[in-house]
1. What helices (runs of 4 or more DSSP H) completely inside region 226-296 contain at least 1 residues that are touching a residue at least 60 places away in the same chain (Cβ under 8 Å) and assigned by TED's automatic domain parsing to the domain that holds Val204?
2. For region 302-338, what are the residues that are outside any loop (DSSP other than H, G, I, E, B), more than 30 Å from Trp249 (Cα to Cα) and not charged (D, E, K, R)?
3. Go through region 102-143 and give me each residue that's among the aliphatic types (A, V, I, L, M), within 17 Å of the chain's Cα centre (by Cα) and more than 20 Å from Gln397 (Cα to Cα).
4. Which is assigned to a loop (DSSP other than H, G, I, E, B), in contact with a helix residue (DSSP H, G or I) (Cβ under 8 Å, 6 or more places away or on another chain) and either closer than 25 Å to Ala67 by Cβ or not basic (Lys, Arg) (or both), of Thr24, Thr13, Thr29?
5. Return the residues of region 52-70 that are basic (Lys, Arg) and outside any helix (DSSP H, G or I); say none if nothing qualifies.
6. Kindly indicate which of Ser163, Ser79 is farther than 25 Å from Gln351 by Cα and assigned by TED's automatic domain parsing to the domain that holds Gln379.
7. How many residues, within region 385-444, are touching a helix residue (DSSP H, G or I) at 6+ places or on another chain (Cβ under 8 Å), part of a loop (DSSP other than H, G, I, E, B) and surrounded by 15 or more Cβ atoms within 10 Å (Cβ to Cβ)?
8. Please determine, by comparing only the residues of region 105-117 that are aliphatic (A, V, I, L, M) and buried (at least 24 other Cβ atoms within 10 Å of the Cβ), which one is nearest to Cys179 (Cα to Cα).
Amino acid sequence: MGLGLITDLYQLTMAAGYFEAGKTQDRATFELSVRRLPYNRNFILAAGLAQAVEYLLSFRILPEEIAYLRGIPQFRYASAAFFEMLAELRFTGDLFAVPEGTPVFAGEPFLTVRAPVIEAQIPETYLLAMIGFQSSIATKAARVVKAALGRDVVEFGTRRAHSPEAGVLAGRAAYIGGCVGTSNAEAGFRYKVHVFGTAAHSWVMSFPSERAAFEQLQKLLGERTTYLIDTYDTIEGAKLAASLGRPLWGVRLDSGNLIELAPAVRKILDDAGLTDAKIMATGDLNEYKIHELVAAQAPIDVFGVGTDLATSADAPSLGVIYKMVEMESAHQHRYTAKFSHEKNTLPGAKQIFRHGDHDVLARSTECISCGGEAAEALQRPVILGGKLVEPLPTAAQAKRYAAERMARLPAPCHSLFQVENAWRVELSPALKALDESVRKEHAG
């Protein structure tokens, strides 16, 4: 696939306009950020950078795709030279970004693209979709894992994801957000994410008896055997599992009152000497239900979370934006911004400087310190001149980085509910001055 047409049509019509206006050598700088945090979120965990990089480095528009574009009415007056340019178009610009697993806040750029304007414009749609989706899922996973208070969480949501590919990416993003693994085999293959799963209710129902189904499963899986015990009667299913003994990893509860059932099942297993057998709970779980189960001290060792996690059901979209902040031609360098009500943006390329208890959003040319100590600059070069600067972290490395970075955040940031001013973001004096200057220029 060329990937070049995975974009909105107006990105391509603007590309034609830039070309016909002679702006192909003009360089633009765009930033991807969120204006405000979504429902009950006190930070966003950045994810999806690896796929964004893969897209930029492999970007191309194939001959058959160009033939398709020629037949669209909006390109009736585009020159033949424009389509010839599209055939050769590659990303030759620069990408700066925060590492995957970085907590970010409203107004802070996840990434910055600096490239010839056509190369910077067309990727907008893909970058917004990829970063927005994976960051939503990684953030949701971080909330679920936090609610579990040290118990393992597995992502189980591919069957309810918005597409099969979304399920694969959800498995990856949830892993970065703190899940121990996913049920998605493709995510395991592509990204080396740990995979989990044994058998469904259909397995049990395919045999004449629950015992026959359990015995066959145990022969197949040995010490990885996990019995799904609620097909007919949960307590009887637990007793049957206990009677079969080892080898056994544990049992799964997928329905019923888990606060009542989990202790009863735990006692059955313990009485049979299976004190090391685990109890996994699944079935329409989310961070709030898990919080209740943990608060009730339900003896559940592992949570499998599906629909709510793979779709970030309570905040299913992230309001990511991709806005031009600078424009440079052979004769002029301009700082650009929107001033419209509630959709205003700040001009100029920016850097995020993180201190121990707050961030400073500054111009990218600044060096910020606090109390005499230099703050950490979060955005780093990823692609320069169309070439990858260094290999990107694996999903496992991004997961470890995310855990370390989230551990630095104060308790209010980890609340399951909205907290005002959970983390402070300040603007540097130089950035404020640039904003005022650009506003005055446009007012004049």
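1. Values: elements: 234-244, 258-271, 287-295.
Once the helices (runs of 4 or more DSSP H) in region 226-296 are filtered for at least 1 residues that are touching a residue at least 60 places away in the same chain (Cβ under 8 Å) and assigned by TED's automatic domain parsing to the domain that holds Val204, what remains is 287-295.
2. Step one: list which residues in region 302-338 are outside any loop (DSSP other than H, G, I, E, B), which gives 302-305, 307-310, 320-328, 333-335.
Filter once more, so that each one left must be more than 30 Å from Trp249 (Cα to Cα): 320-328, 333-335.
Of everything in region 302-338, those that are outside any loop (DSSP other than H, G, I, E, B), more than 30 Å from Trp249 (Cα to Cα) and not charged (D, E, K, R) turn out to be Val320, Ile321, Tyr322, Met324, Val325, Met327, His333, Tyr335.
3. Keep residues of region 102-143 that are among the aliphatic types (A, V, I, L, M), which gives 104, 106, 111, 113, 115, 117-118, 120, 122, 127-131, 137-138, 141-142.
Subsequent filtering for residues that are within 17 Å of the chain's Cα centre (by Cα) retains 104, 106, 111, 127-131, 137-138, 141-142.
Those that are among the aliphatic types (A, V, I, L, M), within 17 Å of the chain's Cα centre (by Cα) and more than 20 Å from Gln397 (Cα to Cα): Ala106, Leu127, Leu128, Ala129.
4. On the way: Thr13 fails: assigned to a loop (DSSP other than H, G, I, E, B); Thr29 fails: assigned to a loop (DSSP other than H, G, I, E, B).
Going through Thr24, Thr13, Thr29 in turn, just one is assigned to a loop (DSSP other than H, G, I, E, B), in contact with a helix residue (DSSP H, G or I) (Cβ under 8 Å, 6 or more places away or on another chain) and either closer than 25 Å to Ala67 by Cβ or not basic (Lys, Arg) (or both): Thr24.
5. Keep residues of region 52-70 that are basic (Lys, Arg), which gives 60, 70.
Result: Arg60, single match.
6. None of the other options fit; the residue is Ser79.
7. Qualifying residue count for the region: 7.
8. The initial filter retains those residues of region 105-117 that are aliphatic (A, V, I, L, M), namely 106, 111, 113, 115, 117.
Of the ones still in play, those that are also buried (at least 24 other Cβ atoms within 10 Å of the Cβ) are 113, 117.
Details: Val113: 30, Val117: 39 Å.
Residue satisfying both the conditions and the ranking: Val113.
The values are calculated or read from the model by the stated rules, or taken from the named source; none is laboratory data. Owing to the predicted nature of the structure, the values given are computational and were not obtained by experimental measurement. Glycine also receives a Cβ, built like all others from the backbone with ideal geometry; neighbour counts cover every protein chain displayed.
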